[in-house]
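Where a number appears in this text, it was derived from the coordinates with a stated rule and is not lab data. Everything numeric in this text was worked out from a predicted model, so none of it was measured. So basically every Cβ, Gly included, is an ideal-geometry build from the backbone, and we count neighbours across all protein chains shown.
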Amino acid sequence: MHEVSVMRNLLDIVEATADREGAEKINVIHLRIGEMAGINYESLKFAFEILSKGTRAEGGRLEYEKVDLRVTCAECSHEFSPEELVFRCPECGSGRIDIISGREMEVDYILLDEEGT
C-alpha cells in the first residue's frame with residue numbers, strides 16, 4: 001500500500017506550507033488525482049486519518065477531484081477519453097497517442113486557520 005508513503009510526503013508538504021503561512025490548523029487538503037495515477041483514494045484517506053494524528057491536519061478533511069484520462073492522437077490530433085486500456089484513436093485508428101491528463105497527483109489547495117483566528 002504505497003498510499004501510506006504518498007500521504008506521508010503530502011503531509012510534509014502541507015505542514016511546510018502551514019509553517020510558511022503561520023497557520024495553526026489545516027482544515028482541508030484538496031487533491032487532484034488522475035485516474036491513471038495509481039492511487040486508491042480510500043487507502044489514501046485511511047492513511048491520512050492515521051498519519052495526521054498529532055499534526056495540525058488532525059481532524060481536518062481530505063478531499064479530492066478525479067481527473068479523467070484524456071489523450072490526443074499523434075496522427076490526426078483528435079482529443080478523446082479512451083474507453084478501454086487499448087488506446088486507439090476513434091477517428092483514424094492510430095495507436096500513437098499522447099496522454100494529456102489523467103496521471104496527476106497534486107495538492108490543488110489547502111484551507112488553513114491562521115494563528116489567533
Under 18 Å between alpha carbons, and skipping anything fewer than 8 positions from Lys66 in its own chain: which lysines qualify? Lys45
How tilted is helix 41-51 with respect to the longest principal axis of the chain? Cα atoms for both, answer in degrees (0 to 90, nearest 10). 20 degrees
Take the alpha carbon gyration tensor of region 46-88, find the square roots of its eigenvalues, order them as a ≥ b ≥ c, and report rounded if a/c is under 1.5; if not, report prolate when a/b exceeds b/c, else oblate. prolate
What does the charge add up to near Thr72, with Lys and Arg as +1, Asp and Glu as -1, over the other residues with Cβ less than 15 Å from its Cβ? -1
One would report the antiparallel percent of DSSP beta bridges in the chain, rounded to the nearest 5, as 70 percent
Could you calculate the contour length gain from Val4 to Glu79, that is, 0.36 nm times the residue separation minus the distance between their Cα atoms, to one decimal place in nm? 23.6 nm
Identify which of the listed values of percent of Cα pairs over 17 Å apart was calculated from the structure shown: (i) 57; (ii) 64; (iii) 60. (iii)
First obtain the Kirkwood hydrodynamic radius of region 1-40 from its Cα pairs, then insert it into the Stokes-Einstein equation at 37 °C and 0.692 mPa s, and state the resulting D in µm² per second as a whole number. 285 µm²/s
With angles folded into 0 to 90 degrees, how steeply does helix 3-21 sit against the dominant principal axis of the chain? Use alpha carbons for both and round to 10. 60 degrees
